[in-house]
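Asker: Encoded as structure tokens, here's the structure I'll be asking about.
The values are calculated or read from the model by the stated rules, or taken from the named source; none is laboratory data. Nothing here was measured: the structure is a model prediction, and the numbers come from that model. All Cβ positions, even for glycine, are placed from backbone atoms using ideal geometry, and neighbour counts span all protein chains on display. Only protein heavy atoms, including side chains, enter the accessible area calculation; ligands, DNA and RNA are left aside. Shrake-Rupley method; radii C 1.70, N 1.55, O 1.52, S 1.80 Å.
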Amino acid sequence: MIAATVVGLLFVAGLVTAFVLVAAPEPRIAEPKDVFGFATPRQSQTAIEPPKLQRYSARDGEQLAYRFYDSTAQRILIFIHGSSYHGGGYHALAAALSLGGAAKVVLPNLRGHYMSGQRRGDIDYIGQYEDDLDDLIKVLRSQGLTGPITLGGHSSGGGLAIRFAGGAHAADVSSYLILAPAIPRSPALRAGTAGGWAMLNFKRLFGLIALNMIGIHGYNGLPIIAFNKPPQYWDGTETLSYSYRLNASYHPRVNYDADIRALPSQTLVLVGANDESIDPDALRVLITTDVPAAQMKIMPGINHFGVFSEPAALNVAADWLRTLPDGGSR
């Protein structure tokens, strides 16, 4: 009887502590820092203008945005943007790969980002991004696009691609193009903050983890992370904070090694030697250990944004896409 009482008191104390942690102030950036060089405008010359946004219906009826770049290639590359921004930031990559005959390119704006979904910085449940991507693939197939699918992504988008490989819809995809992936809790993420880009509210995070462990999910829409883009560089299309459930859905699962090991041999991972947020040597160890059959390249003289915009990196990606067999294999 006494033991049961003690256990009950400990449970109540733990529950109260979790709620106190969840009530911690919103995540915020105490000291703005231009981590990625927003002060230097990037104006990549392309032969085409960005195509207009299109919409597709997800399984819950939500209208989500994407851009489609046609090509002579049959392969389809769905490329996921990084944290805070949207697909429009990857026009140079999509233009180069589509015009170069490497792939038709689809640039989705993930739910909770610019022009996609009802709530900026939030989604409905953990894992919804994988369902949204599966819905997008089904829509593309219904439009008569029959080519093999490569899933790609940059930074957090690369992390989401890795998560997808370890999830329920992996059979939809035959190959992966991963650029400078953000993998939280791994040694590849500089200082655990992507070099000062992401500020986590650790008190709230720990409280929410505890509540989720006992089946309480009602607070998962609270903001858990903020991004360090100085105000003078805002353009109104960025999303500057994420809820717990969005952030958890955007990266590999807690056991990230299992998701990485699920990547097929037809995987290319690129990272710049000068990446501000990803440690290239630590990433190389992680990838070559967990998926030794994948190709892993560290690009000299290239940083976090250059890996999706510099011609040297785009040429490597295009050449690799062209070598893939028509049907792909896992």
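Asker: Could you check the spin-label model distance between D70 and I214? Points 7 Å from the Cα along Cα→Cβ, value in nm.
Answerer: Inter-label distance under the simple model: 5.8 nm.
Asker: Roughly what % of DSSP beta bridges within the chain run antiparallel, to the nearest 5?
Answerer: Here the share of antiparallel DSSP bridges comes out near 40 percent.
Asker: Rounded to the nearest 10 Å², what accessible area does M213 have for a 1.4 Å probe in the complete protein model?
Answerer: Solvent-accessible area, nearest 10 Å²: 150 Å².
Asker: Calculate, for the range 26-82, the solvent-accessible area per residue in square angstrom, rolling a 1.4 angstrom probe over the heavy atoms of the protein chains.
Answerer: Per-residue accessible area for the range 26-82 comes out at 61 Å².
Asker: Would you compute, from DSSP H runs of 4+ residues alone, the mean residue ellipticity of the chain at 222 nm, taking -39500 (n - 2.57) per run and dividing by the full residue count, rounded to the nearest 500?
Answerer: Rounded to the nearest 500, the figure is -9500 deg cm²/dmol.
Asker: How far apart, in nanometres, would the label points at R253 and T289 be if each is projected 7 angstrom from Cα along the Cα-to-Cβ direction?
Answerer: Once both label points are built, they end up 2.0 nm from each other.
Asker: Label 7 Å along Cα→Cβ of T323; the range 157-197 residues with amide nitrogen under 20 Å?
Answerer: 174-181
Asker: May I ask which of K104/K138; K203/K229; K138/K229; K104/K297; K52/K138 have a Cα-Cα span longer than 25 Å here?
Answerer: Over 25 Å apart, Cα to Cα: K138/K229.
Asker: K33 accessible area, nearest 10 Å², 1.4 Å probe?
Answerer: Answer for K33: close to 110 Å² accessible.
Asker: Something else: Which of A318, A65, A171 ends up with the largest GNM mean-square fluctuation for the chain, with Cα atoms connected below 10 Å?
Answerer: A171
Asker: While we're looking at this one, here's another question. So how do D319, D279 rank on accessible area, 1.4 Å probe, biggest first, that is with the largest at the start?
Answerer: Largest to smallest exposure gives the sequence D319, D279.
Asker: Could you tell me the center-to-center distance, by alpha carbons, between the range 189-220 and the range 263-296 in angstrom?
Answerer: After rounding, the separation between the Cα centres reads 25 Å.
Asker: Over the range 180-330, give the accessible area per residue in Å² for a 1.4 Å probe, as an integer.
Answerer: In whole numbers, the range 180-330 has 42 Å² accessible per residue.
Asker: First compute the accessible area of the chain with a 1.4 Å probe, then give the percent of it belonging to carbon and sulfur atoms.
Answerer: 58
Asker: Consider a paramagnetic label point 7 Å from the Cα of L200 along Cα→Cβ; state which residues of the range 263-281 have an amide N under 17 Å from it.
Answerer: 277-279
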